[in-house]
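To start, the structure under review is shown below, and the notes come after it.
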Amino acid sequence: MERYRLLKNEATADIAFIAYGKTLNELFRNIAIAVSNVMVLNVKRRGTKKISFKLNSENIDYLVIDFINKIIFYKDYKNILITDAKIKVDKNLNLKCQAVGEKLDKLKDLFLVDVKAATLHDLNVKKEKGLIRCKIVLDV
Amino acid sequence: MEGQEIRNSLKKVDKNTWESEKVGNVPIKVYANETILKKMENDVFNQAANAASLPGILKYSYLFSDAHIGYGVPVGWAGAFDLKEGIISPGAIGFDINCGMRLIKTNLTLKEVKPKIKELVDMLFKMVPAGVGSNSPQMLRDLKALTKSDLKEIAEEGVDWAVRKGYATKKDEERIEEQGRVKSADFSKVSEDAFKRGKQQLGTLGSGNHYLEIQVVNKDFNKEIANSLDLDIMKDQVVVMFHTGSRGFGHQIASDYIKKFLDYSSRNGITLKDRQLAYAPFNSDEGQEYFKAMSCGINFAFVNRQIINYQVREAFKNTFKRSERDLGLDVVYDVSHNTAKIEEYAVENKKTNVIIHRKGATRSFGPGNKELKGILKRTGQPVIVGGSMETGSYLCIGTKKAEEESFGTTLHGSGRTMSRVAARSAINPKKLLESMKAKEIYVKANSITGLTEEGGSAYKDINEVVDSMDKAGISLKVLSLRPIGNIKG
């Protein structure tokens, strides 16, 4: 199973991708990996910094938006790019994230593009052939 | 009506102006020639139709020649709303509040700059931080460890703060839209997260299509206006152009209020055609709170560009070992292209205040407009149109016709034709660098892959989109500018 796929023919000015997971936990992990790879070329998933946070949203779409916006927040506020994460999502859409990441100044030569927001444009999370897939467009 | 049907229903007003039937509350008006119009995606018309259905929209849902698909509404779109019946929507303004362009003139010629272009661009790259999560220039004492009360002053005072701190002059302020400050800003409406994201990012360029360029005057279309703006006063005059906005601060404000407006919609039984176009009535508490927070984003972006302006002046002084006065580093103009502001227009022959939303669209005021100061009152307002790093940019001038027809609004850039992901595989980085070298453009960027996303072939033909607006009489060409040095994040 591929973790995510960048979409060539969508989001003229920005970046769109589809992330996959057998479970919601895996889906959110792969979203985090996709977002870091959009920003930094071939970024290593093992990071030296640790970050933990919790989220709760009223539906799955908003949880995706809130999750990505949290990754963006740590990038701008703490200058840490989250590169991998252990995720637990329960049936009430409470999300617990234990992430690892790297200080941005260590990644400077590999920067691609800054992700600044997650959008609701064409956002959808659905089950397909035994997998959960999430399409998302990032504002860059 | 679907996008294709709307496109088919467009009636030709003249070679560069088209009108649809009423779609929702108003028709769509498109400024583009036939070639550009054919290339616009169907979804551009769907999104413009969604905007045309918003409450209180006046006259038209406008599309300009650079329009392409956006979130909620297209980029290259404008719509004016009645203050009582109308709405305010972050999706119709853009995440990057007050993303905009600034043009600075110099007294230098290509002959003087060319031998030092590498040194100058490298110096600028060091002094104007660019790229993912870049932080404020460390050499500027006032920007180190900004507190909440510092950021409140910046967000509420705009460029007045920069004048107070010595980063701007009163003369600079005259050449900035709104003189660098919208008075509707209220920092108490901005979230803690926005403060935390913004406090380290003043004076930074960002990435994506944000850039700083050294350019040369290429061709003049209106020498009289150019000369009035101290441009084209000598052969091969060098100018500096840059494109950036309100960084994480503005993005967080937009994200915060989209969420609040979605909640407002569900509480008030509003069915949205597109969630990204969530809105609140302008006069509601929620609408007013966003307007005040968004105004903070506008002021933050003005100060961001002013700090970069300060660093540009320092970099030129260091490189050429000449005084600022001798170098003649004056602001030509600073324009916004992602805002909502209250402006006065004639609606049904009556002077009316409207809340004009511009998303990827530039204000275009003609000569005599009361908002313009000094020489601009005679020339009209400069409109800066940024192109790709390979193909160059334009300086245009606003018109009375724009004030009468399009709520004083015109295009903002060349507009993309290819997605970033597609550009990464379609544009060969090595060939791109060779082509830029052949064109004698020196580029300094954090990443070559990132650079390919901005290659000239990923954009529409800027000459054509600018020409369309010129022929429609909405903004008139003054100068074309070609790049010789470029910084990208």
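At-a-glance table
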{"read-out": "Positions within region A:50-80 being more than 12 Å from chain B (Cβ to nearest Cβ), more than 27 Å from B:L146 (Cβ to Cβ) and among the polar types (S, T, N, Q), in sequence order", "value": "A:N56"}
{"read-out": "Unique match (being away from chain A (no Cβ under 14 Å) and touching a Phe, Trp or Tyr at 6+ places or on another chain (Cβ under 6 Å)) among B:A254, B:A226, B:A168, B:A280", "value": "B:A280"}
{"read-out": "Residue in region B:445-459 that is at pLDDT 95 or above and hydrophobic (A, V, I, L, M, F, W, C) present", "value": "no"}
{"read-out": "Condition check for B:E454: among the charged types (D, E, K, R) and out of contact with any Lys or Arg (no Cβ under 8 Å at 6 or more places or on another chain)", "value": "no"}
{"read-out": "Residue in region A:108-120 that is surrounded by 17 or more Cβ atoms within 10 Å (Cβ to Cβ), among the acidic types (D, E) and not in a strand (DSSP E or B) present", "value": "yes"}
{"read-out": "Residue ID - nearest to B:K350 (Cα to Cα), chosen from residues in region B:376-418 that are over 15 Å from the mean Cα position of the chain (by Cα) and within 14 Å of another protein chain (Cβ to nearest Cβ)", "value": "B:T417"}
{"read-out": "Residues (within 12 Å of chain B (Cβ to nearest Cβ) and not in a strand (DSSP E or B)) located in region A:35-49", "value": "A:V35, A:S36, A:N37, A:V38, A:M39, A:L41, A:N42, A:V43"}
{"read-out": "Count of residues meeting criterion [within 14 Å of the chain's Cα centre (by Cα) and among the charged types (D, E, K, R)] in region A:114-139", "value": "5"}
{"read-out": "Boolean, B:A445 is within 13 Å of another protein chain (Cβ to nearest Cβ) and under 25 Å from B:K126 (Cβ atoms)", "value": "yes"}
{"read-out": "Criterion violated by A:K129 - all others in (1) touching a residue at least 40 places away in the same chain (Cβ under 8 Å); (2) surrounded by fewer than 17 Cβ atoms within 10 Å (Cβ to Cβ); (3) among the basic types (K, R) satisfied", "value": "(1)"}
{"read-out": "Unmet criterion (only one of (1) modelled with pLDDT under 90; (2) of a type in the set (A, V, I, L, M, F, W, C); (3) over 30 Å from A:L7 (Cβ atoms)) for B:I397", "value": "(1)"}
{"read-out": "Region B:76-102 - residue that is farther than 22 Å from B:N46 by Cα and of a type outside the set (A, V, I, L, M, F, W, C) and, of those, nearest to the other protein chains (Cβ to nearest Cβ)", "value": "B:D96"}
{"read-out": "Only listed residue being surrounded by fewer than 19 Cβ atoms within 10 Å (Cβ to Cβ), out of contact with any helix residue (DSSP H, G or I) (no Cβ under 7 Å at 6 or more places or on another chain), at negative phi and among the acidic types (D, E), chosen from B:D186, B:D150", "value": "B:D150"}
{"read-out": "So B:V238, is it away from chain A (no Cβ under 14 Å) and more than 29 Å from B:A48 (Cα to Cα)", "value": "yes"}
{"read-out": "Failed item, numbered, when B:S336 is tested on (1) more than 19 Å from B:S184 (Cβ to Cβ); (2) out of contact with any Leu (no Cβ under 9 Å at 6 or more places or on another chain); (3) at pLDDT 95 or above", "value": "(1)"}
{"read-out": "Only listed residue being in contact (Cβ under 8 Å) with a residue 60 or more places away in the chain, farther than 18 Å from A:L120 by Cβ, crowded, with 24+ Cβ neighbours inside 10 Å and charged (D, E, K, R), chosen from B:D334, B:D326, B:D330", "value": "B:D334"}
{"read-out": "Single condition A:A85 does not satisfy, out of (1) part of a strand (DSSP E or B); (2) over 15 Å from the mean Cα position of the chain (by Cα)", "value": "(2)"}
{"read-out": "Residue in region B:270-277 that is without any contact (Cβ under 8 Å) to a residue 24 or more places away in the chain, within 14 Å of chain A (Cβ to nearest Cβ) and in a helix (DSSP H, G or I) present", "value": "yes"}
{"read-out": "Checking B:A145 against (1) on the phi > 0 side of the Ramachandran plot; (2) modelled with pLDDT of 95 or more; (3) within 14 Å of chain A (Cβ to nearest Cβ), the condition it does not meet", "value": "(2)"}
{"read-out": "Extreme residue, farthest from the other protein chains (Cβ to nearest Cβ), among residues of region B:463-480 that are in a helix (DSSP H, G or I) and buried (at least 24 other Cβ atoms within 10 Å of the Cβ)", "value": "B:A472"}
{"read-out": "Qualifying residues in region A:81-130 (those that are closer than 22 Å to B:G206 by Cα and more than 10 Å from chain B (Cβ to nearest Cβ)) - the one modelled with the lowest pLDDT", "value": "A:K106"}
{"read-out": "Contacts under 7 angstrom Cβ, first residue in region A:1-25 being within 14 Å of chain B (Cβ to nearest Cβ), partner of a type in the set (D, E) and in a strand (DSSP E or B), 6 or more apart", "value": "A:D14/A:D139"}
{"read-out": "Whichever residue in region A:1-27 is over 25 Å from B:A422 (Cα atoms) and not polar (S, T, N, Q) and, among such residues, is surrounded by the fewest Cβ atoms within 10 Å (Cβ to Cβ)", "value": "A:K22"}
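The values are calculated or read from the model by the stated rules, or taken from the named source; none is laboratory data. Quantities reported herein were computed from a predicted structural model and do not represent experimental measurements. In this analysis, Cβ positions are derived from the backbone assuming ideal geometry, glycine residues included, and neighbour counts consider all displayed protein chains.
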